[in-house]
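Working notes, beginning with the structure itself.
The values are calculated or read from the model by the stated rules, or taken from the named source; none is laboratory data. Predicted, not measured: the structure shown is a model, and the values here were computed from it. Methodologically, a virtual Cβ is constructed for each residue, glycine included, from the backbone with ideal geometry; neighbour enumeration extends over all protein chains shown.
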Amino acid sequence: MRSQPSSDSSPLPLLLVDDDRAYRQVYRNLLTQEGYAVTEAVDRGSVLQALRAHAFAVVVLDLMLPPDATVAGGLAQLRDVLSIQPQAKVIVVSGAGDVAHMVRAVRAGAYDFLTKPVDPDVLLIVARRARTRYQLERQIALLQDSLTRTAPGGAMIGQSPAFTKAVQVAERVATSNLPVLITGESGTDKELMARAIHAASPRAAKPWVAVNCGAVPDTLFEATVFGHIKGAFTGAVRDQKGLFVQAHDGTLFLDEVGDLALPMQVKLLRALESGEIVPVGAQAPVHVDVRLVSATNRNVAELRETGALRDDLYWRICGVEVHLPALRDGPSDIALLAAFFLQQCAALAGDGRPRRLSREAEAALVEHDWPGNLRELRHEMQRATVFAGDRSMLQPDDFAFASPRTRTSPAEAPQGLQDKLDALERRELEMALTRFHGNRTRTAEALGLSRQGLLNKLNRFGLA
């Protein structure tokens, strides 16, 4: 298990990756004086080893790294870093001062791009910005993690028929050993339902292990899920237990299982059918006993029809399906959940007291279509609590989706074709930003825009 990044009062961990010893020495001295705890790596194997041992706030990554000292190899290394530690801010450094390389690195998720020789002052400025961004995102994540959809005692909240049915199915299947597939749109708290099933099962006192299948690169899938032995590949300096072994006798949660590539589905299916896994580099299989719970936000019928999800794997992971309804499909739950989130957000208010919803505010919540589901509702209650000031009663104007700049009366509604197109484009931008939690890189990719193109549109519509 990786150690966690240190608190803000302690030196932040930084991974320095460069095969040039002279550069490493200069960077290390500079960054250590800046207050970072610096770990060094010289090639792809040592990078992976360091990432599995520690969590880093910032990574300074040489793009031209052996054994594949090419831009393509460097970008693959960048993606590996971000897949293992998506919270890290990666500053890419390269002697190839080509604008195209810079753009490709930023599109791949790099925080910033510097060319060698790097001016020490520039490196410090970028590292400070990266540290500030990391600390801010960490504070936001800690706050959001504290605002879960669980009532005291761990119960899930909702009273709509669709949600009640999902809970009843989950309660029935929890005590069995059947594999469960949880479906529902992004933001419907599928992982929370999976945890509730584990907590109500005979395996509750045993391990709970979760993995986001979409975040594990194909090249690391076997080593991550099945484990590896010492010497299996470069950087494998010790035996590493895979997720199946870690979850032995407990529950293994495969989130976003619909994102698994077909070759990985075959390997997963083999393990589920045999009850055995073979760690990378090992000869003998290892018996495992896990309760499998999976989840996906994609349309399962379409995945099967297009062949993106193998039928034989589907029948292995879907002993019972639990479908979590979208928030708009259970309007009777919206005010109930909003009031609960406001209770949890009370600490954000100046007086520490929870805000209440006016009738008009409740009506505005019910009328909104909630593309981000519970995640979006939770965010709105956080925001409204902060911006309401000393008012105890929330009004529709307190919600971002009904703010004065976006709300229009029938008389003010767009009349011309261009106005209507602008309104539609703005709405699509807002929904995409909500879907990807404000991540501009992923939003731009989903909309088929460059990052700069997305930024231009955000500025145009006042969404930046």
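Side notes on the structure shown:
- Selection count, the range 347-397, where residues are assigned to a helix (DSSP H, G or I), of a type outside the set (D, E) and under 17 Å from L327 (Cβ atoms): 15
Table: residues versus (1) closer than 18 Å to C213 by Cα; (2) of a type in the set (S, T, Y); (3) assigned by TED's automatic domain parsing to the domain that holds R195.
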position: D239; (1), (2), (3): no, no, yes
position: T251; (1), (2), (3): yes, yes, yes
position: E256; (1), (2), (3): yes, no, yes
position: K267; (1), (2), (3): yes, no, yes
position: E273; (1), (2), (3): no, no, yes
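- Applying a threshold of 8 Å to beta carbon distances and a minimum spacing of six or more residues, or different chains, the list of pairs starting in the range 216-229 at a residue that is among the polar types (S, T, N, Q) and ending at one that is at pLDDT 85 or above and outside any loop (DSSP other than H, G, I, E, B) reads T219/D80; T224/V211; T224/L243.
- Qualifying positions in the range 269-299 - among the aliphatic types (A, V, I, L, M) and either more than 28 Å from the chain's Cα centre (by Cα) or within 23 Å of S201 (Cα to Cα) (or both): A271, L272, V278, A282, A284, V286, V288, V290, L292, V293, A295
- Condition check for R28: modelled with pLDDT under 90 and basic (K, R): no
- Inclusion of V286 among residues that are surrounded by fewer than 20 Cβ atoms within 10 Å (Cβ to Cβ), within 19 Å of Q246 (Cβ to Cβ) and among the β-branched types (V, I, T) is warranted.
- Residue check, A166 touching a residue at least 12 places away in the same chain (Cβ under 8 Å), in contact with a His (Cβ under 7 Å, 6 or more places away or on another chain), crowded, with 20+ Cβ neighbours inside 10 Å and closer than 30 Å to L433 by Cβ: yes
- Leading residue by the ranking (farthest from P13 (Cα to Cα)) among those in the range 32-53 that are in contact (Cβ under 8 Å) with a residue 60 or more places away in the chain and either crowded, with 21+ Cβ neighbours inside 10 Å or basic (K, R) (or both): R44
- Among residues of the range 58-71 that are at pLDDT below 70, none has a beta-carbon under 6 Å from a residue that is in a loop (DSSP other than H, G, I, E, B) and small (G, A, S) at least six positions away or on a different chain.
- Test: residue in the range 313-335 that is of a type in the set (D, E) and either within 25 Å of S392 (Cβ to Cβ) or not in a helix (DSSP H, G or I) (or both): yes
- Counting only helices (runs of 4 or more DSSP H) that sit wholly inside the range 159-226, those with at least 2 residues that are in contact with an Asp or Glu (Cβ under 8 Å, 6 or more places away or on another chain) and among the charged types (D, E, K, R) are 190-199.
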